[in-house]
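S.K.: My questions will all concern the structure given below.
Just so you know, all these numbers are worked out from the coordinates, no wet-lab data involved. On a predicted model such as this, the values are computed, not experimentally measured, just so you know. We place every Cβ from the backbone using ideal geometry, glycine too, and count neighbours over all the protein chains shown.
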Amino acid sequence: MEIKTQVGAIQEVAAELIVINLFEGVTAPTGATAVVDRALNGAIRELVEAGDFTGKAEQAALLYTHGAIPAKRVLLMGLGDRAKFNLDTARRVAAAAAREARRLKVTRYCTIVHGAGGAGLLPEAAAQAVVEGTILGDYAFTELKSDRTGLDPRLEEVTLVQFSADQAPAAQRGAQVGQIIADSVCLARDLVNRPGNYLTPTSLAEIAEQVAAEAGLTSQALDEEQMADLGMGALLGVAQGSNEPAKFIILEYNIERRELPAYVIVGKGITFDSGSISIKPSEGMELMKDDMSGAAITLGVMRAVALLKLPLRAVGLMPATENLPDGRAYKPGDVLTSMSGLTIEVISTDAEGRLILADALHYAKRYQPKAVVDLATLTGACVVALGHVTSGLMGNDAALKQTLLQASATSGEKIWELPLYEEYAEQIKSDVADVKNSGGRPAGTITAGLFLQKFAQGYPWAHLDIAGTAWADKPNGYLAKGATAHGVRLLIQWLRDLASAQ
Ligand code: BES
Ligand code: MN
Ligand code: ZN
């Protein structure tokens, strides 16, 4: 989708469709909405007075202009309660407008920047949010449909129309940033939605290489022999049951600029999780193609960091393998030796994510990072605890967790802390090895976090359990049904905050 910005009055724009807005409960519109209302002989007031349009957030009403203004149609969007309006509302409203346009098979339209006028948002942030909402709302995963005739067309061009010329440069900057971020989210969503027979560790490595070349990152993918040389016994243990070769994908940005602080993102890249010998029930198992969400998000974040040219060093680590049962697969009771030297008793082959992350977290140490954040669809227990709205946050450093919570508030991607109290570590003590990979059902998200903590040594570290948030069972706001890539916007915001605080 192409995003443009333009200065002017929206009621004067010639377009198939213009998008304007109204807060809930407003009977006398102001600004552009008032001008359009007057041009249309009070049609908007009439809608409101008849009770057909309340202005509830994401509500949409379509009006025809009969030549009264140059635009053919007007889409009036509800902004909801003025007191509750924020950047996330702007994003949701923009997404609803994009979906409405697609339903009308309109592929180009002009929109005002929700929130930049009377609602008091900064024009740059509002433009970013509107662009993010528009691109994310337009998102659909259709690449495997052989018959495209019934599909709604994708948006081709959306123009933000800004009344104040003073605010235009800020709106333009925000729109550019929003496009980079939203395109990175869509990239991650595509990878997650892609089934396991299309997205293998090898194809993930190839895509990472391509994205890296386009965005200005360096990339490499270690093969199993190189992993063996490094002693990555935990990752290789999981990979044993699969015929697809495992890959350890490394993306680096600004890596030679040693004067800049380094941040490492680690993403779980299980391209399909059957549970292996501790096999999962077959019902719903198809969703386990999303078990590489952490890796996809890592790739999305790294792409954006490079395109935004953030003044820091960033590294993305994506350990990638399938988790499948086989005559050669690893088994419950096996003991694996991780790269860190710690030995791990395998209680469940379905607790594979923490094994591949163990080696990646140890590998991260070589960058002497200022912080390491990992993302993983790690535990079903996190879905029970926080549902599909909020990702679990754990970590060993209060200041780091605080900066993540701050970025969460700004980006609207919700996270909530769970405690890594030492008492829970009793549950992962092994009789035969240094640690075991399952602590049983109680506090399953926390014991997984404590397991990771043993390998995240020597740097500030945070872990995001995205098991509940990576996938949406139904469309909601700017989320389509399917992959959400929850975490891309959060971590880009986090890194932008860090870059600007330097
Ligand atoms: N990928 C799953 C976690 C998961 C479950 C994500 C449901 C999304 C939805 C992970 O590898 C797993 O199987 N975890 C086990 C751990 C247990 C065996 C200690 C779990 O949560 O049941
Ligand atoms: Mn599993
Ligand atoms: Zn898994």
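S.K.: Could you check Thr298 against (1) away from ligand 3 (no atom under 12 Å from the Cβ); (2) in contact with a helix residue (DSSP H, G or I) (Cβ under 6 Å, 6 or more places away or on another chain); (3) within 20 Å of Gly392 (Cα to Cα); (4) of a type outside the set (A, V, I, L, M, F, W, C) and say which number it fails?
M.R.: (2)
S.K.: Consider only pairs whose beta carbons are under 8 Å apart and that are at least six residues apart or on different chains; among these, list those whose first residue lies in segment 253-275 and is on the phi > 0 side of the Ramachandran plot and whose second residue is more than 10 Å from ligand 2 (Cβ to nearest atom) and small (Gly, Ala, Ser).
M.R.: Asn254/Ala314
S.K.: Report, by residue number, each residue of segment 345-359 that is more than 15 Å from ligand 2 (Cβ to nearest atom) and either free of Cβ contacts under 8 Å to residues at least 40 places away in the same chain or more than 29 Å from the chain's Cα centre (by Cα) (or both). Before you say what the answer is, go through the steps one by one.
M.R.: Applying the first criterion (more than 15 Å from ligand 2 (Cβ to nearest atom)) to segment 345-359 yields 345, 359.
Passing the criteria: only Glu345.
S.K.: If I filter segment 403-426 for residues that are in a loop (DSSP other than H, G, I, E, B), surrounded by 23 or more Cβ atoms within 10 Å (Cβ to Cβ) and of a type in the set (A, V, I, L, M), do I get at least one hit? Before you say what the answer is, go through the steps one by one.
M.R.: Residues of segment 403-426 that are in a loop (DSSP other than H, G, I, E, B), as a first pass: 412-414, 418-421.
Applying the additional criterion that residues be surrounded by 23 or more Cβ atoms within 10 Å (Cβ to Cβ) yields 413.
Checking the rest, the ones that are also of a type in the set (A, V, I, L, M) come to none.
No - not one qualifying residue is present in segment 403-426.
S.K.: When you go through (1) buried (at least 16 other Cβ atoms within 10 Å of the Cβ); (2) closer than 19 Å to Gly477 by Cα; (3) of a type outside the set (Asp, Glu) one by one for Arg82, which number turns out not to apply?
M.R.: It is condition (1) that Arg82 fails.
S.K.: Looking at the structure I just gave you, is Leu230 surrounded by fewer than 23 Cβ atoms within 10 Å (Cβ to Cβ), in contact with a helix residue (DSSP H, G or I) (Cβ under 8 Å, 6 or more places away or on another chain) and either touching a residue at least 24 places away in the same chain (Cβ under 8 Å) or among the basic types (Lys, Arg) (or both)?
M.R.: So Leu230 passes the test.
S.K.: Among the candidates Ala443, Ala456, Ala462, Ala433, single out the residue that is among the hydrophobic types (A, V, I, L, M, F, W, C), touching a strand residue (DSSP E or B) at 6+ places or on another chain (Cβ under 7 Å) and more than 18 Å from Thr343 (Cβ to Cβ).
M.R.: Ala462
S.K.: Among the residues of segment 362-391 satisfying the criterion of being among the hydrophobic types (A, V, I, L, M, F, W, C) and within 16 Å of ligand 3 (Cβ to nearest atom), which is surrounded by the most Cβ atoms within 10 Å (Cβ to Cβ)?
M.R.: Ranking the candidates gives Ala376 first.
S.K.: Hey, another quick one. Within segment 377-397, how many residues turn out to be under 15 Å from Lys414 (Cα atoms) and within 15 Å of ligand 2 (Cβ to nearest atom)?
M.R.: 2
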